[in-house]
Amino acid sequence: MRLVRWLFGVIALILVVAVVSLMLLPKERIARIAADQLSRVTGRDVAITGDVAMTFWPVLGVSAGGLEVGNADWADNGAMLTAANAAIGIDASALLRGEIRITNIAAHSPTIRLEQRADGRASWRFTNATGDAGISSTAAQGRPRRPLSIQKLTVTDATLIYVAEGAAPLRYEDVDLALDWPDRQGPAKILAAARPMGEPVQVEAKIDAFDQFLEGAVTPATLRVTAPGGGMTLTGRASLEGAVEGALWFKSADTSRLAGALGAPDVILPEGLGRKADIKAQLTLTPDRRLFLRDLVADLGGNRLEGAADLILDGTPRINAELRTATLDLSALTERQGAGAGTPAAPAATDGWPDTPLDASVLSTFDGEARLRADAVNLGDVQLGPVQAVLRNDASRLVADIRELAVFDGMVTGEFVVNNRSGLSVGGQLNAQEIRANPLLSSLAGIDRFSGTANAEVSFLGSGQSIDAMMKSLRGNGSFSVGRGTIEGIDLDALLGSFDVQGGTTVFDSLTGSFAMQAGVLRNDDLTLLLPNFNATGAGQVGLGERTIDYTLTPKALRLNGDRGLAIPVHITGPWADPSIKADVKAAIDLNFGEEKARAEQKVKQKLEQKLTEELGLAPQEGQSVEDAVKDKLEGELKRGLLKLFE
């Protein structure tokens, strides 16, 4: 027993001497030792500066006026962490057992810089002094690793900077972080709060087997993000390298507010196209920031889309998607710009196009390609049948490759372009087959007097920041042909019989022509209209920008006026909504009875000349006209009258 007491006494004396020796060491020396141990743990340069305070038992603690942890050797944006008023506590009893159990790390107002390269390297992946990956330490080369755990981590009022290779740096101020990891082999809870634009954004994560996670293993994890306007949850697996897999659920009652709270550009999405959203998908994220969404189901506030999407998140997001839907409601896009949410759109003015500025800035937020299939599309006044299209957006230039578009019982194919690179413009090349002309013209131009089945080709380009400016700048060309149809408001048969153009209907066999557009004015000079007993030609212009018409239609009866036929020009002028339609009787006489009119005028002229000759006593010389003879006589009389004044 004496020997046992003696041994315990020796051990106690050694501990007392060790503790006293440790307490007698200068605080700066202890701080350097602590910094050296942290450097061994992380494989990074660590510096503890400023005033140093110590505690020894049961927590070996160091608090200092400053703490700096270096970045990875390939990083070039400064230290990974710099902080004032940092404190680190280590369980002293666990340290005697060979474990590094950090009871608490606290830092106030630190700056944290996180960097990631395209090849997957990340600055938050630490190595120990031997170069091995993971947050673990060795006492010396070849010795077993000392297990590490951090029971609590608290960071307040931090500045977080994230730099991904190829993308613009992200900077967040006033960030709070907290880690709760009581059991080294158990789960860890991570809480974060930030205010990118003044409103709070909360992040909560739970990672099972956190020690294995820190070693690079893929472990079960859940993530929840909540912010004003909406949030998301992710349940699945993750790794420290940035690999994530799981079930994603994104829900937002106000995506504009949510995007603003996260610091994204201020984009107001149309009703039914993401102003509200409820999206579910199976998500896979790779360390090189490639995102894959499968089994995608998206309710965008009225429109339901299904399919898959791939995204590359370096720089401007690039999207490759294939989507399908039953009915796609785009009626919100046709409402008058400026109507507030829940407010009926004001009707467009009858004498002009809407001049409210258009905003196409959303085209600059992404690039990529999307294939879209829809059984039907609602455009408000226009209803489309099956649609197949490929949408490609590249640097604010959106091209819609229309493979199939059923409209007005016909089919449209071609290309439609919206370009917002240097000012907004729209253009395209479209081919239409078997389109009903009446609903087409009624919906596009408010013209409801024509009916028939039309084929057309058109190439066009317009620019401006409003619909009004675009319509007034339109240029291009095209051609059209219409099968058997009608023209309401004028009966050409009655016109040729009595010059009466008040009301009626003209039935025609075909209508063809071509046109050119410049500065919002459409010009046509080769209109040909064929009817059973006569034909008609037309020429004139249509003001697409001003919504006016100045056009002359000239029908010709083939069985009247001998072999020459009978033509009656009809002048159509005025606004689209209420044009004036009048027969030009004078032009009709000149056109149909020109020879007769010339002969009658000649007879009248001869009778007048004979009467003048008799009354004035003229005797025209050979080859002299009556007009010249009258002129000579008047000049002679004037001369004689003037001479008498001087006699």
Discussion item. Going residue by residue through the stretch 94-113, is there one that turns out to be among the aliphatic types (A, V, I, L, M), modelled with pLDDT of 65 or more and more than 20 Å from Val155 (Cβ to Cβ)?
Written reply: no
Worksheet entry | Among (1) modelled with pLDDT of 70 or more; (2) outside any loop (DSSP other than H, G, I, E, B); (3) open to solvent by less than 50 Å² (accessible area, probe 1.4 Å); (4) not polar (S, T, N, Q), the one test that Val62 misses | (1)
Practice prompt. Mind listing just one residue for me: the one in the stretch 435-456 that is of a type in the set (D, E, K, R) and in contact with a Gly (Cβ under 9 Å, 6 or more places away or on another chain) and, of those, modelled with the highest pLDDT?
Written response: Arg436
Discussion item. One residue is enough: does the stretch 374-395 have a residue meeting the conditions farther than 30 Å from Ala437 by Cα, at pLDDT 90 or above and not in a strand (DSSP E or B)?
Written reply: yes
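Condition check ((1) β-branched (Val, Ile, Thr); (2) out of contact with any Cys (no Cβ under 7 Å at 6 or more places or on another chain); (3) closer than 26 Å to Leu358 by Cα) across all residues:
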| residue | (1), (2), (3) |
| --- | --- |
| Phe250 | no, yes, no |
| Ala253 | no, yes, yes |
| Leu258 | no, yes, yes |
| Arg275 | no, yes, yes |
| Ala281 | no, yes, no |
| Thr284 | yes, yes, no |
| Pro287 | no, yes, no |
| Leu300 | no, yes, yes |
| Asp310 | no, yes, no |
Practice prompt. Output the number of residues of the stretch 361-386 satisfying the condition of being hydrophobic (A, V, I, L, M, F, W, C) and either open to solvent by 50 Å² or more (accessible area, probe 1.4 Å) or closer than 23 Å to Leu441 by Cβ (or both).
Written response: 7
Worksheet item: Among the candidates Arg195, Arg237, which residue alone is open to solvent by 30 Å² or more (accessible area, probe 1.4 Å), more than 22 Å from Leu283 (Cα to Cα) and either among the small types (Gly, Ala, Ser) or touching a residue at least 12 places away in the same chain (Cβ under 8 Å) (or both)?
Response: Arg195
Worksheet item: Of the residues in the stretch 182-202, how many are touching a Ser or Thr at 6+ places or on another chain (Cβ under 6 Å) and either closer than 15 Å to Gly231 by Cβ or modelled with pLDDT of 85 or more (or both)?
Response: 1
Worksheet item: If only one of Asp51, Asp36 is modelled with pLDDT of 65 or more and out of contact with any strand residue (DSSP E or B) (no Cβ under 7 Å at 6 or more places or on another chain), which one is it?
Response: Asp36
Practice prompt. Name every residue in the stretch 65-75 that is in contact (Cβ under 8 Å) with a residue 12 or more places away in the chain and either surrounded by 20 or more Cβ atoms within 10 Å (Cβ to Cβ) or not polar (S, T, N, Q) (or both), in order of residue number.
Written response: Gly65, Gly66, Leu67, Glu68, Val69, Gly70, Ala72, Trp74, Ala75
Discussion item. Would you confirm whether or not the stretch 461-483 contains a residue that is open to solvent by less than 20 Å² (accessible area, probe 1.4 Å) and at pLDDT below 85?
Written reply: no
Worksheet item: Which one of these is in contact with a Leu (Cβ under 6 Å, 6 or more places away or on another chain) and not in a strand (DSSP E or B): Gly242, Gly246, Gly216?
Response: Gly216
Practice prompt. For residues that are more than 30 Å from the chain's Cα centre (by Cα) and open to solvent by 30 Å² or more (accessible area, probe 1.4 Å), scanning just the stretch 511-521, find the one that is modelled with the lowest pLDDT.
Written response: Thr512
Discussion item. Return the pair list, or none, for Cβ contacts closer than 8 Å from residues in the stretch 530-554 that are charged (D, E, K, R) to residues that are at pLDDT below 85, at least 6 apart or on different chains.
Written reply: Glu546/Gly352; Arg547/Asp351; Arg547/Gly352; Arg547/Ala445; Arg547/Gly446; Arg547/Trp576; Arg547/Ala577
Discussion item. So Ala205 passes all but one of these: (1) surrounded by 16 or more Cβ atoms within 10 Å (Cβ to Cβ); (2) touching a strand residue (DSSP E or B) at 6+ places or on another chain (Cβ under 8 Å); (3) assigned to a loop (DSSP other than H, G, I, E, B). Which condition number does it fail?
Written reply: (3)
Worksheet item: Going by the structure shown, is Leu527 at pLDDT below 90 and aliphatic (A, V, I, L, M)?
Response: no
Worksheet, complete the sentence: Gly216 meets each of (1) within 21 Å of Arg289 (Cα to Cα); (2) at pLDDT 90 or above; (3) surrounded by fewer than 16 Cβ atoms within 10 Å (Cβ to Cβ); (4) not acidic (Asp, Glu) with one exception, condition (2)
Worksheet item: Restricting to the stretch 443-459, what's the tally of residues that are open to solvent by 50 Å² or more (accessible area, probe 1.4 Å) and either within 14 Å of Gly485 (Cα to Cα) or more than 29 Å from the chain's Cα centre (by Cα) (or both)?
Response: 4
Fill in: Number of positions in the stretch 284-311 that are farther than 20 Å from Thr233 by Cβ, touching a Leu at 6+ places or on another chain (Cβ under 8 Å) and crowded, with 18+ Cβ neighbours inside 10 Å
4
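The values are calculated or read from the model by the stated rules, or taken from the named source; none is laboratory data. As the structure is a prediction and not an experimental result, all values here were calculated from the model. Neighbour counts run over all protein chains shown; Cβ positions are idealised from the backbone, glycine included. For accessibility, only protein heavy atoms count, side chains too; no ligands or nucleic acids. Shrake-Rupley method; radii C 1.70, N 1.55, O 1.52, S 1.80 Å.
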